[in-house]
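K.L.:
Dropping the structure in here first, questions after.
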Amino acid sequence: MSRPVRVRFAPSPTGPLHLGGVRTALYNYLFARKSGGKFILRIEDTDQTRFVPGAEEYIMESLRWAGMDLDEGIIEGGEFGPYRQSDRKHLYKKYVDQLLESGHAYYAFDTPEELEEMRERLKSQGVPNPAYNHVTRQYMKNSLSLPADEVQKRLDEGQAYVVRIKVPRNEEIRFHDIIRGWVIFNSSQIDDKVIFKGDGMPTYHMANIVDDYLMQITHVIRGEEWLPSTPIHVLLYKFLGWEEVMPEFAHLPLILKPDGNGKLSKRDGDRLGFPVFPLNWTNPETGEQSLGFRERGFLPEAFTNMLAFLGWNPGGTQELFKKDELIDAFSLERVSKSGAKFDFEKAKWFNQQYIKETSVEDLLEALRSDFAAAGIEKDDEFLKKYISLFIDRVTFVKEFTAAGYYIFEKPRAYDEAQFNKRWSKEGIPAAFDEIRTQLTSVTDWSAVNIEAAIKEVMHDKGFKPGEIMPVFRMMISGEAGGPPLFDLAEMIGKEEVLQRMADSI
RNA sequence: GGCCCGUUCGUCUAGGGGUAAGGACAGGAGAUUUUCAUUCUUCAAACAGGGGUUCGAUUCCCCUACGGGCUACCA
């Protein structure tokens, strides 16, 4: 039985998307496009207490920026909507009731205090893992332990309740994971999870299964943190009679801290100085700002290429993959099982590679606002030449304007020590006097003519390039390194070059 | 603690019963360049440990160690 592929990215709008979340979305997207299926965004906001304003928009904007176009979603619509779980609230009760009627779920009236007390008591008795399960449920207040009329009375009185799944005792639950193979759990280790909360909302487990069923999802591609709750989901599919359309599972490895142990977190980014979110994010409560990959200067294609390779590899030695190539090469079977430590240096390398492959025209368009912000007003030809001079020297787009700032304004600093050391050499000041007069008489101010003028003096006076050029470079740019000198001089302009030479003596 | 998942150079990884264990990032050296960057050449760098199975294990199995995840009326 083969159904058309439908996958979903199902984040909770509790804050900005982190790297792992974006990668989960990316693998879903790649898989959908590769198999000609649909890529769906479903917002899982069943926990109303964790709602964060702006998070939903942030998620969608992130996907858009990274080039993951949606087939169905809260903006795009689709025939399986609505795509926000809070808007689907009315859909879930029916299935909860079905479970209740078939005896696979039950009402539980225990208060948080009673639950806490149970756990504490068990713990003090040496029970390693206190849980609401097939043994403890006998002693708690629920429709399995209470007489039927008592249960009815509580319900009629409108007493608060939750619905729990009745997990069978000592049953082997096995499921196939595309990445990990067969995974086996024993039901005795699983507790009677709440599937329907006191506030009338389903929990993740219930909503997720119902929606995946209703939306005809064929593959569940999600983070490894969901692996332990998958047996609950398998049980739910079985109890609801949906086994034959249960999706296939693929649990992705986690993205880890570059140093030390554990999952990559926002703290690591702050501490080590790199973004962990795709876009800038401002915490609406604290006003705290977080840097995004976009704002850090990453090209979306470089970002997705880098991210795709964090935990996946097509097998060859090629690492630079355009979006279409990524789609073509992608397969879940080649996703690795172990977590990957995030390496910002490698991420930078990817970006640099993509900058080098971007045309000067495209770069110019991307940089227009940067140039404007820096107060740089030059014609396109000039700007394109500038970009081509620095394209091999930057790793981020936003570094362009600062990289050669001295072309547009006077150098802000000189390396005096370096300069004086070279300047003090016998005959150098005299040579530069000559160079200045030569340069003054250059009428057609072009790189080749500047070069000819300087080289003439250099040869006449018997100096080597290494004695003249660095001095000239420092005079006009203030720096010891940079793009080809004569092109630089041409761009800075005759008058300004002569002025800077005079100033620096 | 319990359950589940994992473990190849510092990092991301390829490979797979017999290999010189390959590539990339980062690092070292060199070439090119006035310089920086780029580019090129080159060096160093790994199968967690112990048992099996086998003629032969890095590869298959088991154990240990280590790492990670989960263990809520959160997702």
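The values are calculated or read from the model by the stated rules, or taken from the named source; none is laboratory data. For clarity, every value in this text was computed on a predicted model and none was experimentally measured. Cβ: placed from backbone, ideal geometry, glycine included. Neighbour counts: every protein chain shown.
K.L.:
Would you mind stating whether A:S188 is near RNA strand B (Cβ under 8 Å from one of its atoms) and in a helix (DSSP H, G or I)?
P.N.:
Values: near RNA strand B (Cβ under 8 Å from one of its atoms): no; in a helix (DSSP H, G or I): yes.
Taking the combined requirement at face value, the residue does not satisfy it.
K.L.:
Among the residues of region A:157-168, is any at positive phi, near RNA strand B (Cβ under 8 Å from one of its atoms), modelled with pLDDT under 95 and surrounded by fewer than 18 Cβ atoms within 10 Å (Cβ to Cβ)?
P.N.:
Scanning region A:157-168 turns up no residue that is at positive phi, near RNA strand B (Cβ under 8 Å from one of its atoms), modelled with pLDDT under 95 and surrounded by fewer than 18 Cβ atoms within 10 Å (Cβ to Cβ).
K.L.:
Let me ask something additional. Given the condition crowded, with 17+ Cβ neighbours inside 10 Å, small (G, A, S) and within 16 Å of RNA strand B (Cβ to nearest atom), answer yes or no: does some residue in region A:430-445 qualify?
P.N.:
Checked region A:430-445: at least one residue is crowded, with 17+ Cβ neighbours inside 10 Å, small (G, A, S) and within 16 Å of RNA strand B (Cβ to nearest atom).
K.L.:
Go through region A:478-489 and give me each residue that's touching a residue at least 40 places away in the same chain (Cβ under 8 Å) and either farther than 12 Å from A:V442 by Cβ or away from RNA strand B (no atom under 12 Å from the Cβ) (or both).
P.N.:
At the first step, the residues of region A:478-489 found to be touching a residue at least 40 places away in the same chain (Cβ under 8 Å) are A:478-480, A:482-484, A:487-489.
Correct list: A:G478, A:E479, A:A480, A:G482, A:P483, A:P484, A:D487, A:L488.
K.L.:
Does A:A131 satisfy being surrounded by 15 or more Cβ atoms within 10 Å (Cβ to Cβ), within 11 Å of RNA strand B (Cβ to nearest atom) and either on the phi < 0 side of the Ramachandran plot or in a helix (DSSP H, G or I) (or both)?
P.N.:
Spelling it out, A:A131 is indeed surrounded by 15 or more Cβ atoms within 10 Å (Cβ to Cβ), within 11 Å of RNA strand B (Cβ to nearest atom) and either on the phi < 0 side of the Ramachandran plot or in a helix (DSSP H, G or I) (or both).
K.L.:
Here's another thing I want to ask about it. So which of A:N142, A:N208 is in contact (Cβ under 8 Å) with a residue 12 or more places away in the chain, closer than 29 Å to A:E72 by Cβ and crowded, with 20+ Cβ neighbours inside 10 Å?
P.N.:
The match here is A:N208.
K.L.:
A follow-up question, please. What are the residues in region A:322-368 that are buried (at least 18 other Cβ atoms within 10 Å of the Cβ), under 30 Å from A:E248 (Cβ atoms) and either more than 10 Å from RNA strand B (Cβ to nearest atom) or within 17 Å of the chain's Cα centre (by Cα) (or both), if any?
P.N.:
A:K323, A:L326, A:A329, A:F330, A:L332, A:G339, A:F342
K.L.:
If you don't mind, another one. Condition (residue is near RNA strand B (Cβ under 7 Å from one of its atoms), within 30 Å of A:M140 (Cα to Cα) and over 31 Å from the mean Cα position of the chain (by Cα)) applied to region A:240-249: is it met by at least one residue?
P.N.:
Checking region A:240-249: not a single residue is near RNA strand B (Cβ under 7 Å from one of its atoms), within 30 Å of A:M140 (Cα to Cα) and over 31 Å from the mean Cα position of the chain (by Cα).
K.L.:
List pairs: first in region A:178-203 and within 30 Å of A:D87 (Cβ to Cβ) and of a type in the set (F, W, Y), second outside any strand (DSSP E or B) and more than 7 Å from RNA strand B (Cβ to nearest atom), Cβ under 6 Å, 6+ apart or cross-chain?
P.N.:
Note: pairs meeting the criteria are A:F196/A:V96.
Each row is one residue, and each column tells you yes or no for (1) in a helix (DSSP H, G or I); (2) more than 10 Å from RNA strand B (Cβ to nearest atom); (3) more than 21 Å from A:G198 (Cα to Cα); (4) in contact with a Lys or Arg (Cβ under 9 Å, 6 or more places away or on another chain).
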position	(1), (2), (3), (4)
A:I75	no, yes, yes, no
A:L91	yes, yes, no, no
A:L99	yes, yes, no, yes
A:Y107	no, yes, no, yes
A:R121	yes, yes, yes, no
